[in-house]
Every structure is written in C-alpha cells, then in structure tokens.
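The values are calculated or read from the model by the stated rules, or taken from the named source; none is laboratory data. Since the model is a prediction, treat every value here as computed from it, not as a measurement. We place every Cβ from the backbone using ideal geometry, glycine too, and count neighbours over all the protein chains shown.
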Amino acid sequence: MSIYSRLLNVPILWNLSQAVFGCDSQKKKLYRSVFSRTGRLLDFGCADGNTFLAFTDFDYYGVDINKQLIDYAAKKYHAFNNAHFVNADILSHPFEDDFFDYALFSCTGHHLPDTALFPVMEALSAVLQPGGRLHFFDTIRRPGKDSGLLKFLISIDQGKFMRDEETYMKIIHRFSRRLKVVTYKTLSITGTLMPQPDYFYAEFEKV
C-alpha cells in the first residue's frame, strides 16, 4: 500500500481529501437528487459514512471493508438510531436477500476490475427486494474533454480502473440477470475549486 493510500485510511485525512478534492457537498446533492422516496438504503463502499448526512431520513446501512473507517463512522453518527455501519465484504453476504428498498453504489466502481465489479453487482441485486432500485454512480474519463490538471488528479486517484462512458454503456446490461436498466446518463459537477471528472449514472430495477 502506498503512503498516499495509508494516509487516506486515516478518517480525518479522508474527510479533508473529500472536501478539497472530492467536492463532497456537491456529490451528496447529486446522489440525493435521484431518490424520490425514502426507505431502507444500503450504501455500498460507504468509507467513513460521509454520505450519510444526505440520507438522514432513510433507514441507512453503510457497508465497507475498511474497519478503521467503519469504526469512525459508527462513533461519529452514534446518536442516529437509523444509521447502521457494517464492516464486511459484500461478497460474504452480510445481509438477508430482499432486505433493501434501495442500494447506492457511488464512486467505487473505478476501484474494481470487471472480475470484481460483476460479482459485486450480483450481490447487491440479491439484497434488493423485487422492484427495488440500485443507483450507480462512477467517475469516468472523457478523452478530449478532461483537462491536463484533471488527468493528473485522476492519475493519483486510488482507483486504477477508471472507465469511459462508452465502456459503461456496453457493460451495464450485463451486470446482473436480476437487474433491469431503467435509465442512464452522464452528469457533471461544475463551479468547484478543483476540476471534477464527469459521472456515469445508471438506475436499475430488480426484476
């Protein structure tokens, strides 16, 4: 693990990086904008729970394999009875099938090769109830559009599997036989101090 990766495992430094480089507040607004109703939500790859404050009216479950970040989240949000943080690998099936109304898979896809991404999507589809929705966001490369500074920021990101829009458009229909694609599009965050990559967004319904 690089020194940079070790530093980002420290919750305070993780939060700082998200505030300065990740435009955390804008991302939380973006994620929340695709939900029209509340319910039981699974936030996959929740890190230190920084997204929870956008979903305080949900029955929220955050899951991550990083115990240090999960312990920090559980302590930080202990006063919220609707906030649950679980240190687990989603592939170990830590939740019952058909348990959640929604799943949020945000900005974690570029950390996973296809050999891991597809099993994760299958595991997430299993824990959704029939008719449940999975909201998928991931940062993408935009050849010919990304600035030099943005390319540099992408190069130092911990995720080494940054895809482009065309790649996601090809693979989303193969994520899981239990997931039907409802919609997909590319989204942008503007007006930020640091340049931000565009986002690929897809909404799925469990069938």
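Can you find a residue in region 40-56 that is more than 22 Å from Gln196 (Cα to Cα) and in contact with a Lys or Arg (Cβ under 6 Å, 6 or more places away or on another chain)? There is no residue in region 40-56 that is more than 22 Å from Gln196 (Cα to Cα) and in contact with a Lys or Arg (Cβ under 6 Å, 6 or more places away or on another chain).
Going by the conditions given, is Asp97 modelled with pLDDT of 95 or more, under 19 Å from Lys180 (Cβ atoms), of a type in the set (Asp, Glu) and out of contact with any Lys or Arg (no Cβ under 7 Å at 6 or more places or on another chain)? It is true that Asp97 is modelled with pLDDT of 95 or more, under 19 Å from Lys180 (Cβ atoms), of a type in the set (Asp, Glu) and out of contact with any Lys or Arg (no Cβ under 7 Å at 6 or more places or on another chain).
Evaluate region 49-61: report whether one residue or more is modelled with pLDDT of 90 or more and touching a His at 6+ places or on another chain (Cβ under 7 Å). Yes, that holds for at least one residue.
If you filter region 95-152 down to residues that are touching a residue at least 24 places away in the same chain (Cβ under 8 Å) and basic (Lys, Arg), you find that the one that is nearest to Asn50 (Cα to Cα) is Arg133. Any residue at all in region 32-54 that's over 22 Å from Lys180 (Cβ atoms), part of a strand (DSSP E or B), of a type outside the set (Asp, Glu) and touching a Phe, Trp or Tyr at 6+ places or on another chain (Cβ under 8 Å)? Checked region 32-54: no residue is over 22 Å from Lys180 (Cβ atoms), part of a strand (DSSP E or B), of a type outside the set (Asp, Glu) and touching a Phe, Trp or Tyr at 6+ places or on another chain (Cβ under 8 Å). Give the residues of region 34-90 that are surrounded by fewer than 17 Cβ atoms within 10 Å (Cβ to Cβ) and of a type in the set (Gly, Ala, Ser), sorted by residue number. Result: Ser36, Gly39, Ala79, Ala88. Filtering region 33-47 to residues that are more than 12 Å from the chain's Cα centre (by Cα) and among the charged types (D, E, K, R) leaves Arg37, Arg40. Go through the residues of region 113-122 one by one and say whether even a single one is closer than 28 Å to Tyr199 by Cα, in a helix (DSSP H, G or I) and of a type in the set (D, E, K, R). Checked region 113-122: at least one residue is closer than 28 Å to Tyr199 by Cα, in a helix (DSSP H, G or I) and of a type in the set (D, E, K, R).
Taken together, the residues in region 161-203 that are crowded, with 17+ Cβ neighbours inside 10 Å, without any contact (Cβ under 8 Å) to a residue 60 or more places away in the chain, part of a strand (DSSP E or B) and of a type outside the set (Asp, Glu) amount to 2.
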